[in-house]
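Trainee: So that we are looking at the same thing, I have put the structure below in structure tokens.
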Amino acid sequence: MLRINCPFCGIRDEAEFKFGGDASVKRPPADAGAEAFYLYAYERDNPKGWYVEWWHHVAGCRQWLKVVRHTVTHDIAQVAKAGDAVSVPQS
Amino acid sequence: MSAPERLSPFGPEFTPGRHGASGGSPVTLAERKVDIVQVMAGRGGDAAAASAVGSVLPGPGKAEIAGSSMTVWIQPSGWLVIRPRAEEGALARTLASAAGDSVAVVDQGHGRSVLRLSGPKAGDALAKGSRVDLHARAFPPGSAATTSIDHMTVTIVKVDASTFDLVLPGNFSEAFVDWLRMAAAEFGYEIGRPA
Ligand SMILES: [Zn+2]
């Protein structure tokens, strides 16, 4: 069970949240071509280490949050509001 | 023409009386007859929302309580305004016209319900299903938290030391009370009259 420190609600259990996938992907410009959109829609890294991901506090404040989580240890380095920048630890 | 008497979302078995363990100090459960309106301010709309509601709009995790009325923070720039029940739809109409276009006002009178849970053991019964720490130090009167209890999304408002108001999704009111009956059985519980 993750404990996610929602910037609005404080520390809450994972069960209140819904996972939303990779938060680092950027939509390509409209004229980027089919290959770029294929990568945008389907291709995801599966890193062993730090990962920036979306979580939706669906049973709380209903806000989308960016969570910097380590995929091996489940440590959470940062939880940010959707529009805020995050910093990813180097190790 | 007046509207027909509203049916209780708590169902036909939620009738006044004493249940569960006898003696001690029973937990009291009662439906609150209230109007519930959701107020959502767009960018820069907080001031218009505050002037329409006519009170300070509480910040995250808080409720502004004045007698039997309250304003509850539910999300950034989003609140529930709860007032004693009056003419159907009147509160939402008044708030919408006072707030103007920068604020979305939605009547939740048929979408949500409010259950008042009171008594010295009210917090103990609720804590059996709450992921939020309800201890007086962590959750004093005036606190509000939306969380999940028995897979149902519930907004918990601490009214005073031994009273909680629970804002429930209307269609889950009966299911929630089924859970609460089990949680309160060891203390005994009394279903009060809607008020
Ligand atoms: Zn939250």
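The values are calculated or read from the model by the stated rules, or taken from the named source; none is laboratory data. Remember, it's a predicted structure, so these values are computed and weren't measured experimentally. Cβ sites come from the backbone with ideal geometry, for glycine too, and all protein chains shown count toward neighbours. The area values use the complete protein model at the heavy-atom level, side chains included, leaving out ligands, DNA and RNA. Shrake-Rupley method; radii C 1.70, N 1.55, O 1.52, S 1.80 Å.
Trainee: Treat every Asp and Glu Cβ in region B:84-123 as -1 and every Lys and Arg Cβ as +1, leave all other atoms uncharged, and give the resulting dipole magnitude about the Cα centre to the nearest 20 debye. Don't jump to the answer; show the numbers that get you there.
Mentor: Values: 5 positive and 4 negative charges, 72 e Å.
Dipole of region B:84-123, to the nearest 20 debye: 340 debye.
Trainee: Arrange the peptides B:107-117, A:20-30 so that the one whose residues have, on average, the most other Cβ atoms within 10 Å appears first.
Mentor: Values: B:107-117: 19.6, A:20-30: 11.9.
Highest mean packing first, the order is B:107-117, A:20-30.
Trainee: Run the simple label-point estimate for residue A:25 and residue B:102 please: 7 Å along Cα→C-beta, distance reported in nm.
Mentor: Label at residue A:25, label at residue B:102, 3.6 nm between them.
Trainee: Turning to a different aspect of this structure: Using the 4.7 Å Cβ rule, please list in number order the cysteines from the protein assembly as shown without any candidate partner.
Mentor: A:61
Trainee: When the helices in chain B are scored as -39500 (n - 2.57) per DSSP H run of 4 or longer and the sum is shared across all residues, what 222 nm value do you end up with, to the nearest 500 deg cm²/dmol?
Mentor: Values: 4 runs with 36 residues, N = 195.
Rounded to the nearest 500, the figure is -5000 deg cm²/dmol.
Trainee: Among B:135-145, B:10-20, how do they line up from the highest to the lowest mean number of other beta-carbon atoms within 10 Å?
Mentor: Working: B:135-145: 15.6, B:10-20: 13.3.
The peptides rank, most packed first, as B:135-145, B:10-20.
Trainee: Now a separate question. Could you work out the helix-only [θ] at 222 nm for chain A, with each DSSP H run of four or more residues adding -39,500 (n - 2.57) and the total divided by the number of residues, to the nearest 500 deg cm²/dmol?
Mentor: That comes out to -3000 deg cm²/dmol.
Trainee: Mind checking the per residue accessible area of region A:3-81 for me, 1.4 Å probe, whole number of Å²?
Mentor: Details: 4640 Å² over 79 residues.
Roughly 59 Å² per residue, with all protein chains present.
Trainee: What nm value, rounded to one decimal, do you get for the distance between residue B:13 and residue A:2 when each label is placed 7 Å out toward the C-beta?
Mentor: The two pseudo-label positions are separated by 3.8 nm.
Trainee: Can you give the mean number of other chain Cβ atoms that lie within 10 Å of the Cβ atoms in peptide B:147-154?
Mentor: Numbers: counts 7, 8, 1, 0, 2, 1, 5, 1.
Mean shielding count: 3.
Trainee: What total accessible area, in Å², is buried where chains B and A meet, using a 1.4 Å probe and rounding to the nearest 100?
Mentor: Details: alone 9620 and 6050 Å², together 14780 Å².
Rounded to the nearest hundred, the buried surface is 900 Å².
Trainee: Could you state the angle between the C-alpha long axis of helix B:173-184 and the longest principal axis of the C-alpha atoms of chain B, as a value from 0 to 90 degrees rounded to the nearest 10?
Mentor: 40 degrees
Trainee: Hey, what does the equivalent ellipsoid look like for the protein assembly as shown, semi-axes from the Cα gyration tensor as sqrt of 5 times each eigenvalue, largest first, whole Å?
Mentor: Values: eigenvalues 292, 126, 57 Å².
Semi-axes, largest first: 38, 25, 17 Å.
Trainee: How big is the charge dipole of region B:17-191 about its Cα centre, in debye rounded to the nearest 20, if each Lys and Arg gets +1 on its Cβ and each Asp and Glu gets -1 on its Cβ? Walk me through the intermediate numbers first.
Mentor: Values: 16 positive and 17 negative charges, 49 e Å.
Computed about the Cα centre, the dipole is about 240 debye.
Trainee: Related question: Rg/Rh for region B:1-66: what does it come to with C-alpha atoms and Rh from Kirkwood? Before the final figure, lay out the partial values.
Mentor: Working: Rg = 18.8 Å, Rh = 16.6 Å.
That ratio is 1.13, to two decimals.
Trainee: Does region A:3-81 classify as rounded, prolate or oblate by the C-alpha gyration tensor (a ≥ b ≥ c root eigenvalues; a/c under 1.5 gives rounded; else a/b over b/c gives prolate, otherwise oblate)?
Mentor: Note, shape of region A:3-81 comes out prolate.
Trainee: Here's another thing I want to ask about it. For region B:17-191, compute the orientation-averaged projected area of the C-alpha convex hull (one quarter of its surface), in nm². Present the calculation step by step, with values, prior to reporting the outcome.
Mentor: Numbers: hull surface 39.2 nm².
Averaged projected hull area, Cα only: 9.8 nm².
Trainee: Past 25 Å, Cα to Cα: identify those pairs from A:81/B:33; A:81/B:62; A:26/B:62; B:62/B:121, in the order given.
Mentor: Where the Cα-Cα span goes over 25 Å, the pairs concerned are A:81/B:33; A:26/B:62.
Trainee: Let me ask another. About its Cα centre, what dipole magnitude does region A:3-81 give when the only charges are +1 on Lys and Arg Cβ and -1 on Asp and Glu Cβ, stated in debye to the nearest 20? Kindly include the intermediate steps, with their values, before the conclusion.
Mentor: Numbers: 11 positive and 10 negative charges, 59 e Å.
In debye, rounded to 20, region A:3-81 gives about 280.
Trainee: Have a look at the DSSP beta bridges in region B:17-191 and tell me what percent are antiparallel, nearest 5. Working shown, then result.
Mentor: On the way: 47 of 50 bridges.
Percentage antiparallel, nearest 5: 95.
Trainee: Would you tally the net charge around residue B:9, using a Cβ to Cβ cut-off of less than 12 Å, leaving residue B:9 out, and scoring K and R as +1, D and E as -1?
Mentor: Values: positive: B:6, B:32, B:33, B:112; negative: B:31, B:174.
Around residue B:9, the charge tally is +2.
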